[in-house]
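Structure record follows, encoded as structure tokens.
The values are calculated or read from the model by the stated rules, or taken from the named source; none is laboratory data. This structure is a prediction, so every number in the text was calculated from the model and none was measured. Heads up, the Cβs are rebuilt from the backbone with ideal geometry, glycines too, and the neighbour counts pull from every protein chain shown.
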Amino acid sequence: MLKMHISRYLLQNLRLARYNTKREFKQENLTVEFERFDKRQAPISGSPFVTIQRGGRVMTINRVAHEMVGSPEAVELLFNKENRVIGVRQVPKTEPYAFPLRGQGRKGSQPSNYLVAVQAFTKHFSIDTTIAKRYPAEMQEDILIVDLSRGVEATGPRDKSRAVEGTR
């Protein structure tokens, strides 16, 4: 825990409105203690995720999801129109309907993500790709299931300048 000394002026002007159980607001001074965030100690998510990038050209499968589907070199893409669910299944890359996976990450180490070119797929099934979205994934039998109703916006550092300019 890191205790910061804050000027008397800031402390006098720093107030916090709290909502108590009697549904009344009361003002009180805020005790200020900070905890330093060390990104090197932040746990890497062990959850399987799939991200569809803005524009729908690329789908990113994280390492956990890739391992769940059998660490394939290629996958087939399935879609359930009624439930708006994508299915990803391992296939030999020689199959005519196979989508090859390309590893992404530091050279000399295991890829952290795998990329799939999906533009024709997203256009064919009218999947909204106006913003990048990350979806939790789960296995059902031999298919990695991606429910499009469970997506959250996935913006990264490159998107911050667009958000500031309002061109997103």
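Annotations for the structure displayed:
- Residue among T130, T122 that alone is in contact with a Ser or Thr (Cβ under 8 Å, 6 or more places away or on another chain) and outside any strand (DSSP E or B): T122
- Filtered residues of segment 125-137 (kept if of a type outside the set (G, A, S) and surrounded by fewer than 14 Cβ atoms within 10 Å (Cβ to Cβ)): D128, T130
- Among the residues of segment 78-113, just one is at pLDDT below 95 and aromatic (F, W, Y), namely Y97.
- Segment 141-168 residues that are not assigned by TED's automatic domain parsing to the domain that holds E76, paired with ones that are part of a loop (DSSP other than H, G, I, E, B) and modelled with pLDDT under 90 (beta carbon under 8 Å, 6 or more apart): D159/R168; R162/R168; A163/T155
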